[in-house]
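Below: one structure, written as structure tokens.
Throughout, read-outs are computed from the coordinates displayed, never taken from laboratory work. Computed from a predicted model, the values in this text were never measured in an experiment. With ideal geometry, Cβ positions are generated from the backbone for all residues, glycine too; neighbour counts draw on all protein chains shown.
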Amino acid sequence: MTTVVAKAGTVPRVIAGIGVVTALQSVTIRPRIDGAVKEIDFTEGDVVRAGDVLIRLDPRALQATLDGVRAKKGQDQALLDNAHADFERYSTLADKKVVSSQDLDSKRAAVKQLEATLDADDASISSAETELSYATIRAPISGRTGFKNASIGSVVSQASTDGLLTITQFDPISVVFVAPGDRFGEIQSALKDHVADVEAIATDGTRVLARGKLTLMDNIVNASNGSIRLRASFDNKAGTLWPGLPVATRLVVAVEQGIVVPDKALARGTDGLSAYVIGPGNKVAKRPVDVSVTTDGMALVTKGLSGGDSIVFDGLGQIADGATVRILGPAKVTPPADQAVAASGSAAQP
């Protein structure tokens, strides 16, 4: 028979579930003016940065409008300069009682009117500059572009409900999943204690796709199925997570300390769990044990074993309390750390 040694260690308490990869941001780009597409400065599937130029529309009509309002401001500025000069002359003449105060008030009013006209011109220029800026369509966020719905020469309209393209943020990215609502207290404590690690795992359980942190717990438990929605965020530089991809999830809600042994080294019986501790002369003693959590094939024993105890690993059904055993050597134990469902809990689809 092979043996294992009970050791002090930690075992995480986890909740398993099923989730869906969700982008933290996804923006549909729509034109804010009508115009013909002059340039397309991206390729479908490109990763773009916020501020990158995506599409340029024909700006000539908008540039002409801007030039017109700037020219009008120049004319109004000339009129204002002349009105200021008139007002200064009339002020001198009014001091000498050559012109009436009414004439001076008229010149003062003309200056103020033209100053207001210049303010209106500035507003018109600002509006025209804004409209012209809409001819250059830039990425509002960093992310990956999807299919484009415009070609060079096509005319686009701000009234259209179809977007020109969609940009989706890939890094970081999130997974929305659910957990049993009656465990919200554990989840809340895990968030507070910063131990709420989450693994996103391929649904076939073959590999861990990414490791991240729980960032949000919904503010309500779903009354229809008793579940609570959660969101975890992940670094996704490798692109292993894709929006819409279903994944299995493992949420750590606590990390408990105690004596750790492989779960397979514990015998099950009508009287509960027990372990066969090897004593002098390879004689075994059956000890009842208490286990608080079992994760990834490792059990955390809270009562019945001490660190350094050597216990029987296999062939438990062939021995009895007080028997003498022949030890072949230590067992080779490889905890299935990456398996998708080896957790103390389960959940439904989000």
Percent of Cα-Cα pairs per 5 Å bin, from 0 to the last occupied bin, for region 294-336, please list those.
5, 14, 24, 26, 22, 8, 1
log₁₀ I(q)/I(0) of region 1-61 at q = 0.22 Å⁻¹, via Debye over equal Cα point scatterers, no solvent, to two decimals?
-1.10
Please identify which residues in region 1-41 have an amide N closer than 18 Å to a label point set 7 Å out from the Cα of residue 326, following the Cα→Cβ vector.
1-3
May I ask for the net charge around residue 256, where only other residues with Cβ less than 13 Å from the Cβ of residue 256 are counted and Lys, Arg are +1 while Asp, Glu are -1?
-2
What distance in nm lies between label points placed 7 Å from Cα along the C-beta direction at residue 306 and residue 256?
2.2
Region 223-312: trypsin sites (Lys or Arg not before Pro) in DSSP loop, at most 16 other beta carbons within 10 Å:
237
Amide N proximity, region 57-86 versus residue 36 label position 7 Å along Cα-to-Cβ, cut-off under 18 Å:
57-65
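Using the Cα atoms of region 60-133 to build a convex hull, what is its mean projected area in square nanometres?
Value for region 60-133: 4.6 nm².
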Rounded to the nearest 0.05, FRET efficiency between residue 147 and residue 242 (Cβ-Cβ, R0 25 Å) equals 0.95
Can you classify region 1-102 as rounded, prolate or oblate using the Cα gyration tensor, where a ≥ b ≥ c are the square roots of its eigenvalues, rounded means a/c under 1.5, and otherwise it's prolate if a/b beats b/c and oblate if not?
prolate
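For residue 184 and residue 61, what is the calculated FRET efficiency with R₀ set at 45 Å and r taken between the beta-carbons, to the nearest 0.05? Kindly include the intermediate steps, with their values, before the conclusion.
Working: r = 58 Å, r/R0 = 1.29.
The calculated FRET efficiency here is 0.20.
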What area, in nm² and to one decimal, does the C-alpha convex hull of region 160-310 cast on average over all directions?
14.5
Taking the Cα-to-Cβ direction at residue 283 and at residue 88 and moving 7 Å from each Cα, how far apart do the two end points lie in nm?
12.0
Any idea what the relative contact order of the chain is, in percent, if you count C-alpha pairs under 8 Å spaced at least 6 apart?
31
Could the peptides 238-246, 4-12 be put in order, highest first, of the mean number of other beta-carbon atoms found within 10 Å of their residues?
4-12, 238-246
Between residue 115 and residue 211, what length comes free when the chain is fully extended (0.36 nm per residue of separation minus the Cα-Cα distance, one decimal in nm)?
28.3 nm
Considering the values [x] -0.48; [y] -0.66; [z] -0.60, which represents log10 I(q)/I(0) by the Debye sum over Cα atoms at q = 0.08 Å⁻¹ as calculated for the structure under consideration?
[y]
Determine, for each peptide in 150-159, 80-89, the mean count of other beta carbons within 10 angstrom over its residues, then list the peptides with the highest first.
80-89, 150-159
Entries in 192/332; 7/283; 283/332; 72/148; 286/332; 7/237 that, when Cα-Cα distance is taken, lie over 31 Å
192/332; 72/148; 7/237
Simple SL model, points at 7 angstrom along Cα→Cβ for residue 50 and residue 318; separation in nm is 6.6
Work out the FRET efficiency for residue 134 and residue 81 from their Cβ-Cβ distance, taking R0 = 41 Å, and round it to the nearest 0.05.
0.75
Quickly estimate the mean residue ellipticity at 222 nm for the chain, helices only: each DSSP H run with n ≥ 4 gives -39500 (n - 2.57), and the total goes over all residues, rounded to 500.
-8000 deg cm²/dmol
When only C-alpha pairs under 8 Å and at least 6 residues apart count, what is the relative contact order of region 60-133, in percent?
51
Top mean-square fluctuation among 178, 198, 312, Gaussian network model of the chain, C-alpha springs under 10 Å?
312
With the chain treated as a Gaussian network of Cα nodes joined by springs under 10 Å, which of 46, 271, 122 yields the largest mean-square fluctuation?
271
